[in-house]
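The values are calculated or read from the model by the stated rules, or taken from the named source; none is laboratory data. Nothing here was measured: the structure is a model prediction, and the numbers come from that model. Cβ placement follows ideal geometry from the backbone for every residue including glycine, while neighbour counts extend to all protein chains displayed.
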Amino acid sequence: MTEAKRSEMKRTETGHPEVLMTAMMTVTPAAGGRCKRAGCPAPLPPQESGRARQFCSDECRRRHYNALRGPAAPAPPPPGADGPGAALARLGQLLAEAGRLAAQAAGQVAAAAPERAAAAVAEAEAARRRAEARTAVAEAQAAESAEAEAAAWESADAAGARALAAEEQARELQARAAGLASQLEAALKRAADAEAAHAAAARERDTAGGAARQAAAALEAARSQHAREIAAVQAACTDRADAARALADAAESRAARAEAALDAERAERRALTDRLTAAAPGRTRTRAAAGSGT
């Protein structure tokens, strides 16, 4: 229940004219021995003496007189006004008019016939009930509008909070993007430096490869020259060995011939010695004979 509805009910319960209450208490009870409050089908309780009862209970009596007490006439809505507030103002005017009619009907009760007074009161009651129904509908619409407005404000506040959060997140993302941009720039610079170093290393590699190929060619030439020199040395050594072997064979042949000549000379000397040895005694005898003859 909204605050406006509670205020309206409070005004309905407290703001009542005493003249209207005094006048309406003079109305005769409803025919058929039933409760005077409209819409209550309960019969009147039995009563032995005293003033005749008009209501089945104090609750019905209180509700009946509360319903007859009209609220204070609200200020008329501005021309062209629309919405729940204007509808409530118009319905408030209708309720005030219904209360005024009921008061007039109650004032006319003493001078008019009971049937005419009851008809006027019934008409006023019907008008009041229609006005109350319209007021209830308008209050419900106003409550719904207030709830919708509150929901809209809550949604707007939530949207504002989300917008602030999104803006803060956007600033954070922008700061991160700036940091990432600087990191990317530094990475690109490092990549450029690495590419330059790679190119320099490639040039050095190519230079080293050319030098290595030249060194390999020089080594191969040196190996070939060394092989040729070794072959020449081997050939020279072979020739020298062959010559040495030939000289050795010649020397061995000369030595063999010299040894054979020496052996022959020795044999000849031995034979000569033997001959000399064999001729020595005859010579001695000859010499001795020659000496004795002299």
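Taking residues in the stretch 251-279 that are part of a helix (DSSP H, G or I), and partners anywhere that are modelled with pLDDT under 85, not one pair has Cβ atoms closer than 8 Å while being at least 6 places apart or on different chains. Here R100 meets each of (1) more than 22 Å from C35 (Cβ to Cβ); (2) modelled with pLDDT of 80 or more; (3) not β-branched (V, I, T) with one exception, condition (2). Beta carbons closer than 7 Å, at least 6 apart along the sequence or on distinct chains, pair a first residue in the stretch 86-103 that is part of a helix (DSSP H, G or I) with a second that is of a type in the set (S, T, Y) and modelled with pLDDT of 70 or more for L91/T135; L95/T135. Restricting A138, A161 to those that are under 30 Å from L94 (Cβ atoms) and surrounded by 10 or more Cβ atoms within 10 Å (Cβ to Cβ) reduces the list to A138.
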